[in-house]
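The values are calculated or read from the model by the stated rules, or taken from the named source; none is laboratory data. Note that the structure is a prediction, hence the values are computed from the model and not measured. When we count neighbours, we look across all protein chains shown, and the Cβ atoms used for this are built from the backbone with ideal geometry, even at glycine. Protein only, heavy atoms only, side chains kept; ligands, DNA and RNA dropped before computing areas. Shrake-Rupley method; radii C 1.70, N 1.55, O 1.52, S 1.80 Å.
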Amino acid sequence: MKKKVGPLMIFEYILLFILAALFIFPMLWMIVSAMKSNAEVYTNLSSFKAFLPSLNPVNWFKTYQEVIERFSIWTYLLNSIFYGITFAGGSIIVNSLAGFAFAKINFTGKKVIFGFLLALLIIPMETVLIPQFTIVNTLGLVNSRIAVILPAMASAFNIYLFRNFFIAIPEEIIESAKIDGASIVKIFFSIMLPMSKPAVATVGVLSFIGSWNDYIWPLMVLTDKSKFSMQVAITTINTTQPVYINQVMAVLTISTIPLIIIYVVAQKYILQGLGGSGTGIK
């Protein structure tokens, strides 16, 4: 049966279109600005031509060639990919183990510890940056890649998400595995994780995106430019004279494309993971 298009539905679509435009227009301007010469970027800003690329196709990829020649873009890009993949993998292991412990293992003070863990969700991460940096500095990890990856692997939200998925797995399955002689480690890796694929995918993707977008923490712990991520490198590029706005927009576009690809590929799993975080497996 076809839905009737009423005034309320039309109003909803109008609001959704306006909301989408607010997000799309800046990104569209960023992309087309990278496809123009520096002089053309500031022309026709008050008309729709500001959202059109250069009329000369030669300029469409020339900016990218120039910025790659001026800066070590490939190094920064590979650094971000390395940080993102390593951080995502570590987050899945660390948070799933903690979630498994809270869901299926009985130990003294579990409810109290989990209550404190949930309380961490309301604490802004910025408040712990200085103590976190002090610890990393004391351990002698400043200006190392591990200092970028290690401190934020454990996440209260990700532990909570994994716990809810693991709770939904029937105890009978675990008991059957124990009767067959499976160890707790084998139960975790052979049963729990495979049955929680939406949670694994969600934590992996969100961790990768979080690592890719992280700016403050890598800036605090890194001084060697060869270890900079894309987000930190963008600041360097934006302050290196002479500054060309089209080159800045080209770097921002390069930084954005991997995130768009990852989200498009994994959006189904993200929705399944977040949608099932309160009720268990989807």
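Does Phe208 satisfy the criteria of being under 29 Å from Ala156 (Cβ atoms), within 19 Å of the chain's Cα centre (by Cα) and not in a loop (DSSP other than H, G, I, E, B)?
Yes; evaluated as a whole, the condition is true for this residue.
Quick one: which residue in Ser91, Ser96, Ser80 is touching a Gly at 6+ places or on another chain (Cβ under 9 Å), of a type in the set (Gly, Ala, Ser) and not in a loop (DSSP other than H, G, I, E, B)?
From the options Ser91, Ser96, Ser80, the qualifying one is Ser91.
Just to be sure I understand the filter: pairs with C-beta atoms under 8 Å, separated by 6 or more residues or on different chains, first member in the stretch 11-37 and within 30 Å of Glu66 (Cα to Cα) and modelled with pLDDT under 85, second member surrounded by 15 or more Cβ atoms within 10 Å (Cβ to Cβ) and charged (D, E, K, R). Which pairs pass?
Going by the 8 Å Cβ cut-off, the qualifying pairs are Ser37/Lys62.
Please determine, by comparing only the residues of the stretch 216-260 that are within 17 Å of Met30 (Cβ to Cβ) and not in a helix (DSSP H, G or I), which one is least open to solvent (accessible area, probe 1.4 Å).
Taking the candidates together, the pick is Val243.
Output the residue which, of all residues in the stretch 49-74 that are small (Gly, Ala, Ser) and in a loop (DSSP other than H, G, I, E, B), is nearest to the chain's Cα centre (by Cα).
It comes out as Ser72.
Could you list all residues from the stretch 146-159 that are open to solvent by 50 Å² or more (accessible area, probe 1.4 Å), farther than 14 Å from Leu206 by Cα and at pLDDT below 90?
Of everything in the stretch 146-159, just one residue is open to solvent by 50 Å² or more (accessible area, probe 1.4 Å), farther than 14 Å from Leu206 by Cα and at pLDDT below 90, namely Leu150.
Name the one entry in Leu161, Leu129, Leu117, Leu141 that is touching a residue at least 40 places away in the same chain (Cβ under 8 Å) and in a loop (DSSP other than H, G, I, E, B).
Exactly one residue qualifies, and that residue is Leu141.
Filter the stretch 108-145 for residues that are closer than 28 Å to Asn164 by Cα and aromatic (Phe, Trp, Tyr); which is surrounded by the most Cβ atoms within 10 Å (Cβ to Cβ)?
The qualifying residue surrounded by the most Cβ atoms within 10 Å (Cβ to Cβ) is Phe114.
If a residue must be surrounded by fewer than 14 Cβ atoms within 10 Å (Cβ to Cβ) and in a loop (DSSP other than H, G, I, E, B), how many such residues does the stretch 36-48 contain?
Total meeting the criteria: 6.
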